[in-house]
Structure formats: C-alpha cells, structure tokens
Amino acid sequence: MIFDNLNSLTLAIFAPILVLIGILGFVIPQNKSLTSGATPYNIFHLLFGLIGAIIILTGNEGAVRAFNIGFGLIDLYQAVASFANLFPKQYFKWTRVDDVLHVVIGALLVLIGVFGQ
C-alpha cells in the first residue's frame, strides 16, 4: 500500500492541498485573501502540488521522503526570505500569514521527512 508510512500519508494529503491553494489563489481576490495570491506564488503551489501528486503515485518512498524534506526546506527558506527581503519576495508578495504557515508547515515537513518512517 502506498500509504504505509507517515511520509506517504503526508504527501498524499499535502499535494492536493497545494493544488487547491494554487487554484484558490486565482479565484479569491488578492484584497480578500489572508495569503499572498500573487500569480507566480499561485503557479508555484500548482506546480509543486502536481509534482507531489506524481511522486505519490509512483510509490517511490525515497522520492516521497525527499519531496517532504525538500519542500519543507523551501518553505523555511520562504519565511527567511520574506523577513530578509530575499528572492523571490518581490514576486511572491508574502503576507505575515504566509510567513507563519511557512515556518509551521516547513518544520513539520522536514521532521516528517526525516523521522516519519
């Protein structure tokens, strides 16, 4: 079964959520959203959600684990980049809600990726 560990279960839930967030970013007006809603940020979520979904469908546990750790590190970087005015802040236009979500989700994904056997 492809959901025989925490890494697989996490990505099976997380990948569709990323796709949904990307779609909602295009549907919800930016001035009504608690999160960024910038077009490049929405595309980022769609792209990584689709990559995550493809990886979960392969059943490759190493790739699932690598995605969770890698995306978690990307999320943590985004929080740092937001505060330090680093790339791609000017394109993604993060809000403080994005920053909090990046820290929490990023840390959880890294922990699950490392310890979720």
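The values are calculated or read from the model by the stated rules, or taken from the named source; none is laboratory data. Remember, it's a predicted structure, so these values are computed and weren't measured experimentally. The accessibility values were calculated without ligands, DNA or RNA, using every heavy atom of the protein model including side chains. Shrake-Rupley method; radii C 1.70, N 1.55, O 1.52, S 1.80 Å.
Per residue, how many Å² of accessible area does the chain show with a 1.4 Å probe? Walk me through the numbers before you get to the answer.
Working: 6500 Å² over 117 residues.
Counting only protein heavy atoms, the per-residue value for the chain is 56 Å².
Both radii come from the Cα set of segment 3-56: Rg as radius of gyration, Rh as Kirkwood radius; their ratio Rg/Rh reads 1.08.
Kyte-Doolittle mean at least 1.0 and Cα extent at least 15 Å along the axis: which DSSP H helices of the chain qualify? Numbers along the way, then the final one.
Values: long enough: 6-27 (31 Å, 2.32); 39-58 (29 Å, 1.66); 61-84 (34 Å, 0.86); 96-115 (28 Å, 1.93).
Membrane-span-like by this rule: 6-27, 39-58, 96-115.
Per DSSP H run of n ≥ 4, the term is -39500 (n - 2.57); total these for the chain, divide by its residue number, and report the mean residue ellipticity at 222 nm rounded to 500 deg cm²/dmol. Could you put the intermediate results ahead of the total?
Numbers: 5 runs with 90 residues, N = 117.
Per the formula, -26000 deg cm²/dmol.
Distance from the Cα centroid of segment 98-117 to that of segment 1-76 is 12 Å (rounded to whole angstrom).
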